[in-house]
Amino acid sequence: MGAGIAQLTAMSGMDTVLVDLDEAQLGRATATTATSLQRFVRKGTLTDEQSQAALGRLSTTTSLRDAVQGVDLVVESVVEVLAVKQAIFREAAEHAPADALLGTNTSQLSITEIGSAVPQDAHRVVGLHFFNPPVMMHLVEVVAGLQSSESSIERAVAFGEALGKQTVVCRKDSPGFLTSRISALVRLECLRMLEEGVASPEDIDKALRVGFNWPMGPLELGDFNGLDTYLHILGSLESTLGDRFKPTVTLRNLVAAGRLGRKTGQGIYSYDADGKRVPATS
């Protein structure tokens with residue numbers, strides 16, 4: 001998600017710094033971005049010059065402190081673990097300009113709790129929930145924490161619109177916001193149908209893509225985002241909203257076995273070394 005958001009901002013004309021602790025991961029992200037941009041060129045959506053210009057606006061670093069110097073906006077997109085996000089916001093708030101907007105791409109954690117790590121700066125902490133893949137999906141969900149200022153919400157909406165996205169504002173910092181709680185329930189029901197043998201994963205995903213116009217089936221989306229990430233989300237939603245978000249046995253077992261989806265080569269589906277899905281054999 002972080003690499004996808006970085007690509008989107010660079011394509012929108014914004015100088016962008018992508019941060020990760022792992023140099024190898026940054027290299028993979030840059031290569032993936034270059035490949036993605038060339039797809040847009042082949043489709044005629046971008047010219048080759050525009051593609052090269054976008055890539056030129058994207059730089060990488062392993063230092064968050066260096067990355068946030070002089071920026072207008074920080075967008076955090078890491079694992080859905082509150083303590084990890086809070087640590088990032090403490091460092092970002094310390095070294096970014098005092099008027100920089102601090103956005104989190106969390107899909108379900110409390111914006112207020114994330115902002116509590118920087119109490120003097122909680123007014124500029126907002127939710128900026130993108131959808132995967134960010135360069136293709138049309139919505140950005142802006143989420144207000146209890147301390148988020150109205151000017152910060154307005155800036156977040158303006159940022160989403162500057163990216164060419166439509167925006168909605170979740171005014172109440174409620175678990176799962178407007179979208180994640182709905183998506184989580186649909187994906188859970190698909191996992192339950194898979195466990196019950198109602199249909200193959202391919203047909204379950206096809207039914208949602210074709211019948212409900214989903215750009216990606218719920219099961220393949222889980223593999224794309226990482227099943228461990230989905231399990232984190234469900235655990236948090238279950239603790240706040242109850243048993244209807246209780247993870248299935250299949251999901252728990254897949255994560256326990258290290259079958260996390262595309263990033264590990266196997267999840268609900270199997271993938272080759274290039275991350276392309278391997279057709280199921282009968």
Problem set entry | Value of relative contact order over the chain, rounded to a whole percent, pairs C-alpha under 8 Å and six or more apart | 12 percent
Seminar exercise, completed: Sorted by chain and then number, the residues having a modelled amide H within less than 5 Å of the amide H of THR104, at least 5 places away or on another chain, are GLU76, VAL126, GLY127, LEU128
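Using the Cα centre of the chain as the reference point, and only Cβ charges (+1 on K/R, -1 on D/E), how large is the resulting charge dipole? Debye, rounded to the nearest 20.
Result for the chain is approximately 560 debye, rounded to the nearest 20.
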Seminar exercise, completed: Given 20 °C, 1.002 mPa s and a Kirkwood radius over Cα pairs, the Stokes-Einstein diffusion coefficient of the range 1-62 in µm²/s is 187 µm²/s
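At 0.692 mPa s and 37 °C, plugging the Kirkwood radius over alpha-carbon pairs of the range 180-278 into Stokes-Einstein gives what diffusion coefficient in µm²/s? The partial results should precede the final answer.
Working: Rh = 13.6 Å.
Answer from the Stokes-Einstein relation: 242 µm²/s.
Excluding the sites themselves, what is the longest stretch of the chain that contains no trypsin sites (Lys or Arg not before Pro) in a DSSP loop with at most 13 other C-beta atoms within 10 Å? Walk me through the numbers before you get to the answer.
Details: sites that count: ARG171, LYS172, LYS276.
After excluding every exposed loop site, the longest remaining stretch is 1-170.
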Seminar exercise, completed: Per GNM of the chain with C-alpha springs under 10 angstrom, the most fluctuating residue out of ALA156, ALA256, ALA122 is ALA256
Problem set entry | Volume per residue of the C-alpha convex hull in the chain, rounded to whole Å³ | 135 Å³
For this session: Rank these for me by crowding, THR60, THR33, going from fewest to most other beta carbons within 10 Å.
Result: THR60, THR33
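Read-outs: derived from the displayed coordinates by stated rules, not from any lab. All values reported here derive from a predicted model rather than from experimental measurement. FYI the Cβ positions are ideal-geometry reconstructions off the backbone, even for glycines, and counts take in every protein chain you see.
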